[in-house]
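Participant: A single structure is presented below for examination.
The values are calculated or read from the model by the stated rules, or taken from the named source; none is laboratory data. Note that the structure is a prediction, hence the values are computed from the model and not measured. Glycine also receives a Cβ, built like all others from the backbone with ideal geometry; neighbour counts cover every protein chain displayed. Quick note on the areas: whole protein, heavy atoms, side chains included, nothing else; ligands and nucleic acids left out. Shrake-Rupley method; radii C 1.70, N 1.55, O 1.52, S 1.80 Å.
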Amino acid sequence: MGNDSSNQMWGGRFSAGPDAIMEAINASIGFDRRMAAQDIAGSRAHAAMLAATGILSDSDAEAIRKGLLTVLSEIEGGTFQFSTALEDIHMNVEARLKDLIGEPAGRLHTGRSRNDQVATDFKLWVRDQIDAALQGLEALIRALLVQAGAGADWVMPGFTHLQTAQPVTWGHHMMAYVEMFGRDLGRFRDARARMNESPLGAAALAGTSFPIDRHMTATELGFDRPAANSLDAVSDRDFALEFLAAASICAMHLSRFAEELVIWSSAQFRFVTLSDRFSTGSSIMPQKKNPDAAELIRAKIGRIFGANVALMTVMKGLPLAYSKDMQEDKEQVFDAADNLMLALAAMEGMVRDMSANRDSLAVAAGSGFSTATDLADWLVRVLNMPFRDAHHVTGTLVALAEKKGCDLPDLTLDDMQSVHSAITGDVFGVLGVENSVASRTSYGGTAPDQVRAQIARWKEVLG
């Protein structure tokens, strides 16, 4: 397969092959073989275009088409012999094609360069990953909608600073993550739309003198249009950076949710029970059930964010057009994509399997003076008290309840009136957590009807 010392793919430019170190640092076949399907799709589209424009004979184009399909089947079947001496997936495919069909294989590269070829392959690969991420996100959102619907009126504490703040509902909390992952959907869709321009035919950097039809190859490969500047087309990696940026934000959301699941599943909270499929036991402590899947998801942000920073750093100092530095673009993106998809799948599985402990949620919702804001609002609404004064009165009542070792609803009316004489027994109607969440009827609020309305809206959005 061309392993001889004078690499014929270079057309005899070098009299001797590179030494082992140069071969090792120069070769990318160890990782870019993952783009084999995209490389062959690009070559098939290019060959069809060369025939349509009369640059390539129909017989040569047909030989190339059949040969490429054979190469693809060999790669997919695991029988293809990859060669480090041939550097990358493009030259490995072309060398095998020459073995299969002979001289016509040498005509395939007419009107293109490895520069536009690799940019096209990589863009197709990233586009496929975006499509996979979109599917994964939609599946996760649907799992969250099921959880939200089941607990639309289950009360639980809402936190700020991880301190009990106000009662909310389980459904409302689940829908907060639906909104977060919904924005991730938007970011990936935006990135896909912006990247969907074909580099193929930009050649090395200046275009080509052959009468190629770039619109034809763009259409064949599912692009919206050809890239408009050949220098930019071969040197642009914004599409990979946008993918990594969107993946980093998505992974951050997954990590935040994972952190809550770690806390909620602890013996101290008991808000949720995770299934055995996404937990492990301790080697020496039989009572323990560790949320390992959530913890590993929480850790994935490091790898994905690191990939984003790494590629930014590779690209930041490169003059136009192509530099070999850009070979360092793929491994980071491949790793980030793998880990993002794994994290999405694991989180979807955990969400589908987990069960919320309604009683524990309700007990926690009523603790920590969670209805203090409801009391302050009542003082404003019923007694026409300025909010700052109501805040002070409520704070005094919280201190009194704390001193007596009880919560606000457990204070007597005499206790209340000792702080402010105008308070009436009607105040107890707003101090229950159920009343609290039911009253939050503003758009986007935690009232169960509002939560159900948002669930219905998202189901309509997803179709």
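Participant: What lysines sit close enough to Lys459 to cross-link, taking a C-alpha to C-alpha distance under 30 Å and skipping anything fewer than 8 places away on the same chain?
Facilitator: List returned: Lys300.
Participant: Over 33 Å apart: what share of the alpha carbon pairs of region 115-363 falls there, rounded to a whole percent?
Facilitator: 33 percent
Participant: In square nanometres, what is one fourth of the surface area of the convex hull spanned by the alpha carbons of the chain?
Facilitator: Result: a mean projected hull area of 29.8 nm².
Participant: Over region 115-363, calculate the relative contact order: mean separation of alpha carbon pairs under 8 Å at least 6 apart, over the residue count, as a percent.
Facilitator: This gives 24 percent for region 115-363.
Participant: Could you work out what % of the accessible surface of the chain is carbon and sulfur, using a 1.4 angstrom probe and leaving DNA, RNA and ligands out of the count?
Facilitator: C and S atoms contribute 53 percent here.
Participant: Per residue and in cubic angstrom, what volume does the convex hull of the Cα atoms of region 368-431 have?
Facilitator: 69 Å³
Participant: Cross-link partners among lysines for Lys66, C-alpha distance below 26 Å, same-chain residues fewer than 8 apart left out?
Facilitator: Partners within reach: Lys98, Lys123.
Participant: What is the ratio of the Cα radius of gyration of region 230-353 to 2.2 N^0.38 Å, with N the residue count, to two decimals?
Facilitator: Compactness ratio reported: 1.37.
Participant: Can you list, bin by bin at 5 Å, the percent of alpha carbon pairs in region 117-199, starting at 0?
Facilitator: 3, 14, 17, 15, 13, 10, 9, 7, 5, 4, 2, 0
Participant: For Lys324, give me every one of the aspartates and glutamates with a C-alpha distance below 15 angstrom, ignoring sequence neighbours fewer than eight places off in its own chain.
Facilitator: Leaving aside aspartates and glutamates fewer than 8 places away in the same chain, those within reach of Lys324 are Glu23, Asp32, Glu87, Asp88, Asp116, Asp236.
Participant: Show me 441-452, 108-119 ranked by packing, highest mean number of other Cβ atoms within 10 Å first.
Facilitator: 108-119, 441-452
Participant: Please report the Cα spread of region 284-435 along all three principal axes, rounded to whole Å, starting with the longest.
Facilitator: Rounded to whole Å, the extents work out to 79, 49, 26 Å.
Participant: Another question, then. For the ranges 40-50, 333-343, what's the packing order if you count other beta-carbon atoms within 10 Å of each residue, average per peptide, and put the highest first?
Facilitator: 40-50, 333-343
Participant: With a point put 7 Å past each Cα toward its Cβ, work out how far Lys324 is from Arg183 in nm, to one decimal.
Facilitator: Once both label points are built, they end up 4.2 nm from each other.
Participant: Taking only protein heavy atoms into account and a 1.4 Å probe, give the accessible area per residue of region 20-110 in Å².
Facilitator: That works out to 43 Å² per residue.
Participant: So what's the gap between the Cα centers of region 209-260 and region 303-326, to the nearest angstrom?
Facilitator: Cα centroid to Cα centroid, the span is 15 Å.
Participant: Taking each pair of distinct Cα atoms in region 146-289 once, what is the resulting Kirkwood hydrodynamic radius in Å?
Facilitator: The answer is 19.6 Å.
Participant: Taking one equal scatterer on every alpha-carbon of region 186-233, how large is log10 of I(q)/I(0) by Debye at q = 0.15 1/Å?
Facilitator: Calculated log10 I(q)/I(0) at the listed q: -0.40.
Participant: Could I ask something else about it? Can you compute the radius of gyration and Dmax for region 341-407, using only the Cα atoms, both in Å?
Facilitator: Expressed in Å, the Cα Rg and Dmax of region 341-407 come to 19.2, 55.
Participant: Something else: With runs of 4+ DSSP H residues as the only contributors, calculate the mean residue ellipticity of the chain at 222 nm using -39,500 (n - 2.57) per run, divided by the residue total and rounded to the nearest 500.
Facilitator: Roughly -20000 deg cm²/dmol at 222 nm, from the helical runs in the chain.
Participant: Tell me which of Ser323, Leu344, Leu408 sits at the most positive position along the dipole axis of region 320-413, charges placed on C-beta atoms (Lys, Arg +1; Asp, Glu -1).
Facilitator: Going by the charge dipole, the pick is Leu408.
Participant: If you take all C-alpha pairs in region 20-110, what percent of them are over 17 Å apart?
Facilitator: So the portion of pairs separated by more than 17 Å is 47 percent.
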